[in-house]
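See below for the structure under consideration.
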Amino acid sequence: MTLLLNIVIALVCGAAGFWLRQNTKLSVVEVSAILALTAGLVLPPLLQEGALFALTCTAVSYAAMCSSERCCSYREMLIISAICSLVIYFGQSVLVGIGGRLGTSAAVSVLLCLLAKRFLSPDQAQKAAKG
Amino acid sequence: MWYQLLIFVPLVAAVLDIFNLLSTAFGRILVLAVLVVGVFAALSRPSFKLTTALVRSAVLSCLAALLTFLLSTRLGLGAVVASALVGLVGAQVLKGKDQLVMYMGTFVGMSSALRFPTLGPLLVAGLLGGVLFELTDECWVGVGGRLGTIAAAAVVVVLALIGGI
């Protein structure tokens, strides 16, 4: 149940991050910080596993800092968010207490998604790379 | 090409941690070896120029790390809220690349007080984060989480050096 809720919250956070990137003039840092601050203040007192969910949202907010060339649609952002929630959930005991751990998880999620995209549709990936 | 090893430091550390090897002498030496090879490769790149930007980034990152760490551990705000607060306020003051460097510094400051019982090593990690940011400016461009990975690299390296890992 915790894992499922973790994924759902990550998807909502990812969609919110992508929407903010597309529809506001906020910088990537501002978008990420707003999402992380909201999650950090709202989720821990609200839910029993709120601290974990806040960490997931924070990691997803870092993933949402992707450039439009790397992540160009809601679908991709949602896939990245789902992967990110799984990486955070199953990687809770890795690099504990080390600053940058969430960002590393976010980067791994983005790279996994990019890798999958390249393998599943190599033509599209090549076109995107050529720009 | 080899300079890209720098950004893989936290991934190497994560794999070592999964196999409980990170705190061993082998793990620490491997992490430091990856760093040394990466730094030498980065410094020998033709495009690399030693400018004041390196010092500026190091200082900015260090200040952000310190502020975040103090807000997180001394005021008890927690790492997520402290980092986001410093990031949001810093983004109003700084522009462009400085914003990113500052935000990366806050990730260094998200480290646990158990890892950094004193401020000295944290400040070194902050400085190193800024330097690594400049050295890896062509790595993973546009990939979300890149700043956190650089921060983690700095923290892991300092902890490997002082034996706090």
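Brief remarks on what is shown
- Nearest 10 degrees, 0 to 90: helix A:2-23 Cα axis against chain A principal axis: 60 degrees
- Using the Cβ-Cβ distance between A:CYS72 and B:SER23 with R0 set to 51 Å, the FRET efficiency from 1/(1 + (r/R0)^6) comes to roughly 0.80.
- Anchor A:LYS25: aspartates and glutamates whose Cα lies under 19 Å away (excluding residues fewer than 8 positions away in-chain): A:GLU69, B:ASP98
- Loop-located trypsin sites (Lys or Arg not before Pro) in segment B:1-101 (DSSP state not H, G, I, E or B) with no more than 11 neighbouring Cβ atoms inside 10 Å: B:LYS49, B:LYS95.
- The label-point distance for A:VAL96 and B:ARG45, in a model that sets each label 7 Å from Cα toward Cβ, rounds to 3.6 nm.
- Mean ellipticity per residue at 222 nm, deg cm²/dmol - from DSSP H runs of n ≥ 4 across chain B, formula -39500 (n - 2.57): -21500 deg cm²/dmol
- Assigned charges on the beta-carbon of Lys, Arg, Asp, Glu; chain B dipole about Cα centre (debye): 160 debye
- Mean-position separation - Cα centroids, segment B:24-95 and segment B:110-143, in angstrom: 3 Å
- Value of D in µm² per second that Stokes-Einstein yields for chain B, Kirkwood Rh from Cα pairs, at 10 °C (1.306 mPa s): 101 µm²/s
- Residue of A:LEU41, A:LEU20, A:LEU52 that the Gaussian network model of chain A assigns the largest fluctuation, springs spanning Cα pairs under 10 Å: A:LEU41
- Here the scattering of segment A:2-130 is modelled by Debye summation over its C-alpha atoms, one equal scatterer each and no solvent; at q = 0.09, 0.18, 0.21 Å⁻¹ the log10 of I(q)/I(0) is -0.24, -0.91, -1.19.
No lab work stands behind these numbers, since they all come straight from the coordinates. Keep in mind the model is a prediction, meaning the values are calculated, not measured. Virtual Cβ from ideal backbone geometry, glycine too; neighbours counted across all protein chains shown.
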